[in-house]
Each structure stands twice: as structure tokens, then as C-alpha cells.
Amino acid sequence: MMAKIVKGSDFKGVVDYILDKNKNAQVVAYEGLFMENRETIAMSFNAQSGMNDRVAKPVGHIALSFSKEDEPRLTNRAMAGIALEYMERMGIRNTQFFIARHFDKEHPHMHIAFNRIDNNGNTISDKHERMRSTRICKKLTLKYGLHMANGKENVKRNRLKEPDKTKYELYDILKAEVGRCGNWNVLVANLKRQGVEVHFSHRGQTNEIQGVVFTKNGYRFNGSKVDRRFSFSKIDAALRHNRNEERMGMTAKAHEAAIPIATPGTAQSELFNGSLGLLNGNGSSYNATDMEANQEMADILRRKKKRKRGFRL
């Protein structure tokens, strides 16, 4: 279960969108509205919002989406009950609203339209609403035994609009590159080849880096806004991990290469030459570009040669 929260100023616009006949909308719950038609619904909303004209965006609009796997269980009645409990937990109460289910997509989803000006003329708080909404969606998903989606992996990329379209493109690129790069220089170069510019933010007037910003298609995103795993500190930790794994793998290969082979006519020097060829980038199976790791590995091999008498390159 996921929620997308939008605020606006045009009740007629949101009513027309949610009750569009092309979306096969079915109203499953409502309160405090004249439901004769779309015009009377919008009129009801506008009348109450006039009780507090200090609020520039009195329109509340929330889309609740569920996994396709849950469709057999999600009757209109069940979805209405979940939506009403979501609203209660969000503090959306004592106000006008209607809930409509749409059937224009493969996954079950519904829309909540509500007045942010309640029946007493007070404003329904939106403080930390997205954080609260995420927490509530998880609780309701567990409570009702709904399918737990894998987050961004299941998002339909072809249906996204900007800037979300670029944001998810960036997510896919970062997921692939951060997982295989060993340092920032390599990562920045790989990202640049794919149209992504990288900028670092510093603490005050110092050289201490405290954040990273990615730019693609003219849109800028802080790393943590793309995904929590892509903050500067977490990317930096992932790159160090990759570098350590790479060093351990190279050390193991060098150890295997240094073991004498009993096969007649096989020179030990050939084994070392093959290993050094990987370090020099001549081997097609090795694509590391971390110069620091290469230098360290070369030092290891030189020390091994001194300890092994009779070895000649």
C-alpha cells in the first residue's frame, strides 16, 4: 500500500479528475457533500472552504495504491474501510470528503478528495504528512496482510512524468554504478558517460564534503532524495566496501598464481606474468580502474617475489 499526497486550490478540477467516466470511477464512501453531480460536489467543497480564506490550498487529494497481488481480496467495501482508517490515523476527520475507486490500471487504487478546512473552519494539519503517511501505510499493510511491494523496483517507469521519470532513471543508473565502482573518480566518470553530472556540497567554507547532488535532463536531485542509500555518506561507504572486496579478491588470485604447479614444462614465471597482466589491464576479465588498489597489489607481488627464491620474471 502506497499513498501519494497532493494539495491544490481548485476543487472542481480534482472532482472532475477523480469522477472522470473514462476511469470507471465508483464512489465507495462520502460525507458532508451534495453528491447529485460533480458541480454540486465542488460547490459543497467551496462553500466550506470559504470559512477560512487564509488557506491558499484547501484541496486535499490522496491516491492510495495497492499491489496487483491483493486485487482478489480488495472489494470496494474492504478498500473503503482501509481508506477511512488511513484518514483517521492521518488526522483527516470532521471534514467533507469522498472516496472513489478507479479501474483504469492493472493495480487496485482509489482517490480521496477532502476539504482541508474542517467543519469548524479549522485547518487540518499537514505537518510531516508524508513521513506520517509512509509510516501509516506500512502499518496498515501489515495489519491487513497486504502484499509488501519492493519499493522503486515495481514502479512502472513508462507511466512516470517529469521530474519523477528522470528521478527513477537516475535511481536505476546509481544502483548499477555504485554497486561496481571502487572510488568516486570512477563513479563520476561512469555517471558522466550516461548524462549524469555530479556536484558536491561542502560544510561551510571548508573542504569537508557533506552532500552530493546529481543532475540529469536539467533536473537536480540530492542523493538522499533519489533514495536513502544514495546519500554521500552511504555511497562513500559502499565504494570503500567495493574497494576492499576487490583487494581481497586480487590477493586471493595472486596467492593462487604463486603456488607452484606440478605440470611438467609449466614455468612459474608464466603464472606471475598472467597475474601481472590482469593488474596492467591486459586481461579481458579485469576491468578495475582503482589505481590505489593496483599499486598496493603490485607491492604485494614484489614482496612475494623476494620471499620465493628461484622465481624469475
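Among residues of region 237-250 that are under 15 Å from LEU187 (Cα atoms), those with a beta-carbon under 6 Å from a residue that is of a type in the set (Val, Ile, Thr) and part of a helix (DSSP H, G or I) at least six positions away or on a different chain give the pairs ALA238/VAL178.
The residue that is surrounded by the most Cβ atoms within 10 Å (Cβ to Cβ), among those in region 54-103 that are among the hydroxyl-bearing types (Ser, Thr, Tyr) and assigned to a loop (DSSP other than H, G, I, E, B), is THR95.
Contact map, region 185-208: residues that are in contact (Cβ under 8 Å) with a residue 12 or more places away in the chain paired with residues that are assigned to a helix (DSSP H, G or I) and of a type in the set (Lys, Arg), Cβ distance under 8 Å, separation 6+ or inter-chain. Pairs shown: VAL198/LYS192. In region 143-189, the residue that is farthest from PRO72 (Cα to Cα) out of those that are at pLDDT below 90 and of a type in the set (S, T, N, Q) is ASN158. A single entry from LEU239, LEU187 fulfils the requirement of being within 19 Å of THR166 (Cβ to Cβ) and either touching a Leu at 6+ places or on another chain (Cβ under 7 Å) or outside the structural domain of ASP164 (by TED's automatic domain parsing) (or both): LEU187. Mind counting the residues in region 209-242 that are within 17 Å of GLU169 (Cβ to Cβ) and of a type in the set (Gly, Ala, Ser)? Selection size over region 209-242: 2. Of all residues in region 152-195, those that are under 13 Å from the mean Cα position of the chain (by Cα), among the polar types (S, T, N, Q) and crowded, with 16+ Cβ neighbours inside 10 Å total 1. Considering region 7-65, the residues that are touching a Phe, Trp or Tyr at 6+ places or on another chain (Cβ under 9 Å) and of a type in the set (Gly, Ala, Ser) include one that is nearest to SER125 (Cα to Cα), namely GLY60. Tell me yes or no: at least one residue of region 204-212 is of a type outside the set (Gly, Ala, Ser) and over 20 Å from ASN183 (Cβ atoms). For region 204-212, residues of a type outside the set (Gly, Ala, Ser) and over 20 Å from ASN183 (Cβ atoms): present.
Is it the case that GLY211 is touching a residue at least 24 places away in the same chain (Cβ under 8 Å) and farther than 19 Å from ARG157 by Cα? The answer is no for GLY211. Collect the residues in region 225-251 that are of a type in the set (Gly, Ala, Ser) and in contact with a strand residue (DSSP E or B) (Cβ under 8 Å, 6 or more places away or on another chain), keeping them in residue-number order. Answer for region 225-251, where residues must be of a type in the set (Gly, Ala, Ser) and in contact with a strand residue (DSSP E or B) (Cβ under 8 Å, 6 or more places away or on another chain): just SER231.
Take PHE200 and tell me if it is under 20 Å from VAL155 (Cβ atoms), of a type in the set (A, V, I, L, M, F, W, C) and touching a strand residue (DSSP E or B) at 6+ places or on another chain (Cβ under 8 Å). It is false that PHE200 is under 20 Å from VAL155 (Cβ atoms), of a type in the set (A, V, I, L, M, F, W, C) and touching a strand residue (DSSP E or B) at 6+ places or on another chain (Cβ under 8 Å).
The values are calculated or read from the model by the stated rules, or taken from the named source; none is laboratory data. These figures come from a predicted structure and were not determined experimentally. Don't worry about glycine lacking a Cβ; one is built from the backbone with ideal geometry, like all the others, and counts go over all protein chains shown.
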